Amino acid sequence: MDTIQQLFSTWHVIRWMGLLAFFFFTMSLAFGMLGRFNRFRKNKGLFQLIHISSSWAGINACLIHMLILIIDHYRPYKVAAIFVPFVSEYMRAASTLGIIAFYLFLVVLFTSDVLIGKMNRSMWKTAHLLVFPSWLLMLVHAVWMGADTSAWWGKTLYGTAVAVILTLFVFYLMEQRLNRRRQPVVIKAGGRTMR
(Lines give C-alpha, C1' and ligand atoms only; values in the text may rest on other atoms or scores of the structure.)
Protein backbone atom coordinates (compact mmCIF):
# COMPACT_ATOMS: atom_id res chain seq x y z
CA MET A 1 0.00 0.00 0.00
CA ASP A 2 2.89 2.37 0.82
CA THR A 3 4.37 1.80 -2.65
CA ILE A 4 1.07 2.77 -4.33
CA GLN A 5 0.80 5.88 -2.16
CA GLN A 6 4.37 6.80 -3.05
CA LEU A 7 3.68 6.36 -6.77
CA PHE A 8 0.78 8.79 -6.52
CA SER A 9 2.46 11.27 -4.19
CA THR A 10 2.51 14.84 -5.47
CA TRP A 11 6.26 14.61 -6.13
CA HIS A 12 5.85 11.54 -8.34
CA VAL A 13 2.84 12.99 -10.19
CA ILE A 14 4.80 16.20 -10.86
CA ARG A 15 7.69 14.14 -12.25
CA TRP A 16 5.52 11.85 -14.37
CA MET A 17 3.43 14.71 -15.77
CA GLY A 18 6.60 16.62 -16.67
CA LEU A 19 8.02 13.56 -18.46
CA LEU A 20 4.68 12.95 -20.16
CA ALA A 21 4.50 16.57 -21.32
CA PHE A 22 8.02 16.28 -22.75
CA PHE A 23 7.12 13.01 -24.49
CA PHE A 24 3.90 14.41 -26.03
CA PHE A 25 5.53 17.69 -27.15
CA THR A 26 8.41 15.77 -28.72
CA MET A 27 5.91 13.50 -30.46
CA SER A 28 3.95 16.51 -31.70
CA LEU A 29 7.09 18.16 -33.05
CA ALA A 30 8.27 14.94 -34.71
CA PHE A 31 4.95 14.22 -36.43
CA GLY A 32 4.56 17.87 -37.43
CA MET A 33 7.91 17.62 -39.18
CA LEU A 34 7.14 14.20 -40.71
CA GLY A 35 3.94 15.63 -42.19
CA ARG A 36 6.04 18.10 -44.20
CA PHE A 37 8.03 15.39 -46.03
CA ASN A 38 7.02 14.69 -49.64
CA ARG A 39 7.36 10.92 -49.21
CA PHE A 40 4.74 10.91 -46.44
CA ARG A 41 2.07 12.88 -48.31
CA LYS A 42 -0.30 9.89 -48.22
CA ASN A 43 -0.04 9.82 -44.42
CA LYS A 44 -0.29 13.59 -43.92
CA GLY A 45 -3.81 13.41 -42.46
CA LEU A 46 -2.81 10.78 -39.89
CA PHE A 47 0.39 12.64 -39.01
CA GLN A 48 -1.57 15.87 -38.61
CA LEU A 49 -4.04 14.15 -36.27
CA ILE A 50 -1.18 12.76 -34.14
CA HIS A 51 0.57 16.16 -34.25
CA ILE A 52 -2.49 18.06 -32.98
CA SER A 53 -3.63 15.40 -30.48
CA SER A 54 -0.19 15.09 -28.90
CA SER A 55 0.06 18.90 -28.67
CA TRP A 56 -3.13 19.06 -26.64
CA ALA A 57 -2.08 16.04 -24.54
CA GLY A 58 1.25 17.80 -23.89
CA ILE A 59 -0.42 21.06 -22.82
CA ASN A 60 -2.74 19.18 -20.45
CA ALA A 61 0.12 17.15 -18.94
CA CYS A 62 2.12 20.36 -18.59
CA LEU A 63 -0.75 22.14 -16.80
CA ILE A 64 -1.14 19.23 -14.36
CA HIS A 65 2.66 19.25 -13.87
CA MET A 66 2.55 22.96 -13.04
CA LEU A 67 -0.62 23.09 -10.93
CA ILE A 68 0.30 20.18 -8.66
CA LEU A 69 3.36 22.22 -7.63
CA ILE A 70 0.92 24.38 -5.62
CA ILE A 71 -0.06 21.46 -3.36
CA ASP A 72 3.30 19.71 -3.24
CA HIS A 73 4.21 18.94 0.39
CA TYR A 74 7.96 18.91 -0.19
CA ARG A 75 8.39 22.26 -1.98
CA PRO A 76 5.08 24.03 -2.61
CA TYR A 77 5.12 26.80 -5.21
CA LYS A 78 3.09 29.99 -5.06
CA VAL A 79 0.80 30.56 -8.05
CA ALA A 80 2.95 33.48 -9.24
CA ALA A 81 6.06 31.26 -9.18
CA ILE A 82 4.35 28.85 -11.56
CA PHE A 83 3.14 31.38 -14.12
CA VAL A 84 5.49 34.37 -13.82
CA PRO A 85 9.11 34.04 -15.03
CA PHE A 86 11.92 34.81 -12.55
CA VAL A 87 9.61 34.68 -9.49
CA SER A 88 10.35 31.15 -8.29
CA GLU A 89 12.66 30.88 -5.31
CA TYR A 90 13.63 27.32 -6.20
CA MET A 91 16.01 26.93 -9.17
CA ARG A 92 14.84 30.27 -10.58
CA ALA A 93 16.58 30.04 -13.97
CA ALA A 94 15.49 26.46 -14.67
CA SER A 95 11.91 27.21 -13.54
CA THR A 96 11.83 30.30 -15.76
CA LEU A 97 12.90 28.29 -18.82
CA GLY A 98 9.98 25.91 -18.22
CA ILE A 99 7.52 28.80 -17.86
CA ILE A 100 8.73 30.50 -21.06
CA ALA A 101 8.59 27.17 -22.92
CA PHE A 102 4.99 26.72 -21.74
CA TYR A 103 3.95 30.19 -22.97
CA LEU A 104 5.64 29.68 -26.34
CA PHE A 105 3.79 26.37 -26.77
CA LEU A 106 0.54 28.15 -25.88
CA VAL A 107 1.21 30.77 -28.57
CA VAL A 108 1.83 28.02 -31.15
CA LEU A 109 -1.30 26.10 -30.11
CA PHE A 110 -3.49 29.21 -29.95
CA THR A 111 -2.39 30.51 -33.36
CA SER A 112 -2.81 27.04 -34.90
CA ASP A 113 -6.17 26.09 -33.44
CA VAL A 114 -7.91 29.41 -32.80
CA LEU A 115 -6.38 32.13 -34.97
CA ILE A 116 -5.33 30.12 -38.03
CA GLY A 117 -8.29 31.37 -40.10
CA LYS A 118 -7.61 34.99 -39.13
CA MET A 119 -3.88 35.09 -39.84
CA ASN A 120 -2.04 35.22 -43.15
CA ARG A 121 0.12 32.18 -43.93
CA SER A 122 3.53 33.80 -43.36
CA MET A 123 2.47 35.21 -39.98
CA TRP A 124 1.09 31.82 -38.92
CA LYS A 125 4.26 30.07 -40.11
CA THR A 126 6.45 32.47 -38.11
CA ALA A 127 4.36 31.89 -34.97
CA HIS A 128 4.44 28.14 -35.57
CA LEU A 129 8.25 28.14 -35.72
CA LEU A 130 8.26 29.19 -32.06
CA VAL A 131 7.80 25.48 -31.36
CA PHE A 132 11.55 24.92 -31.90
CA PRO A 133 12.85 27.36 -29.25
CA SER A 134 10.01 26.25 -26.99
CA TRP A 135 10.99 22.60 -27.29
CA LEU A 136 14.66 23.46 -26.67
CA LEU A 137 13.79 25.49 -23.55
CA MET A 138 11.63 22.64 -22.30
CA LEU A 139 14.48 20.18 -22.88
CA VAL A 140 16.95 22.35 -20.94
CA HIS A 141 14.36 22.83 -18.16
CA ALA A 142 13.79 19.05 -17.95
CA VAL A 143 17.47 18.11 -18.00
CA TRP A 144 18.51 20.85 -15.58
CA MET A 145 15.66 20.51 -13.10
CA GLY A 146 14.45 16.95 -13.59
CA ALA A 147 15.10 14.41 -10.87
CA ASP A 148 15.50 11.65 -13.46
CA THR A 149 18.22 13.21 -15.60
CA SER A 150 20.95 11.16 -13.96
CA ALA A 151 19.07 7.86 -14.35
CA TRP A 152 19.99 5.73 -17.38
CA TRP A 153 16.43 5.82 -18.68
CA GLY A 154 16.27 9.62 -18.28
CA LYS A 155 19.45 10.03 -20.32
CA THR A 156 18.05 7.57 -22.87
CA LEU A 157 14.75 9.46 -23.12
CA TYR A 158 16.34 12.88 -23.59
CA GLY A 159 19.13 11.58 -25.83
CA THR A 160 16.68 9.72 -28.09
CA ALA A 161 14.39 12.76 -28.30
CA VAL A 162 17.27 15.02 -29.32
CA ALA A 163 18.51 12.46 -31.88
CA VAL A 164 15.04 12.09 -33.43
CA ILE A 165 14.34 15.83 -33.67
CA LEU A 166 17.82 16.65 -35.01
CA THR A 167 17.64 13.84 -37.59
CA LEU A 168 14.21 14.95 -38.80
CA PHE A 169 15.37 18.57 -38.94
CA VAL A 170 18.45 17.70 -41.01
CA PHE A 171 16.43 15.52 -43.41
CA TYR A 172 13.81 18.26 -43.73
CA LEU A 173 16.47 20.83 -44.63
CA MET A 174 17.96 18.41 -47.18
CA GLU A 175 14.56 17.83 -48.76
CA GLN A 176 13.87 21.57 -48.95
CA ARG A 177 17.21 22.10 -50.72
CA LEU A 178 16.41 19.30 -53.18
CA ASN A 179 12.96 20.78 -53.86
CA ARG A 180 14.50 24.18 -54.63
CA ARG A 181 16.92 22.58 -57.12
CA ARG A 182 14.09 20.73 -58.86
CA GLN A 183 12.03 23.88 -59.43
CA PRO A 184 12.07 24.86 -63.11
CA VAL A 185 14.05 27.91 -64.13
CA VAL A 186 11.85 30.57 -65.75
CA ILE A 187 13.45 33.39 -67.72
CA LYS A 188 11.28 36.48 -67.61
CA ALA A 189 11.31 39.43 -69.98
CA GLY A 190 14.34 41.57 -69.27
CA GLY A 191 16.57 38.53 -68.81
CA ARG A 192 15.88 37.95 -65.11
CA THR A 193 16.06 34.33 -64.02
CA MET A 194 13.31 33.23 -61.65
CA ARG A 195 12.61 29.91 -59.96
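Looking at the chain, do any whole DSSP H helices span at least 18 angstrom along their long axis by alpha carbon and average -1.0 or above on Kyte-Doolittle, and which? Kindly include the intermediate steps, with their values, before the conclusion.
Numbers: long enough: 10-34 (35 Å, 1.39); 44-67 (34 Å, 0.94); 92-113 (31 Å, 1.53); 131-145 (20 Å, 1.67); 152-182 (44 Å, 0.24).
What comes out of the filter, once short or polar helices are dropped, is 10-34, 44-67, 92-113, 131-145, 152-182.
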Of 142, 111, 157, which is farthest on the positive side of the dipole of segment 90-185, counting Cα position, with +1 on Lys and Arg Cβ, -1 on Asp and Glu Cβ, and the Cα centre as origin? 111
Using the Cα centre of the chain as the reference point, and only Cβ charges (+1 on K/R, -1 on D/E), how large is the resulting charge dipole? Debye, rounded to the nearest 20. 1600
With mean projected area of the Cα convex hull in nm² in mind, check [x] 10.7; [y] 15.0; [z] 13.9 and report the label derived from this structure. [y]
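What relative contact order, as a whole-number percentage, does the chain give when Cα pairs under 8 Å and 6 or more residues apart are counted? Mind dumping the intermediate values first?
Values: 189 pairs, mean separation 38.6, N = 195.
20 percent.
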Where the accessible area of segment 1-82 is counted over protein heavy atoms with a 1.4 Å probe, how much of it, in %, is carbon and sulfur? 69
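The values are calculated or read from the model by the stated rules, or taken from the named source; none is laboratory data. Please read all numbers here as calculations on a predicted model, not as lab measurements. When we count neighbours, we look across all protein chains shown, and the Cβ atoms used for this are built from the backbone with ideal geometry, even at glycine. Quick note on the areas: whole protein, heavy atoms, side chains included, nothing else; ligands and nucleic acids left out. Shrake-Rupley method; radii C 1.70, N 1.55, O 1.52, S 1.80 Å.
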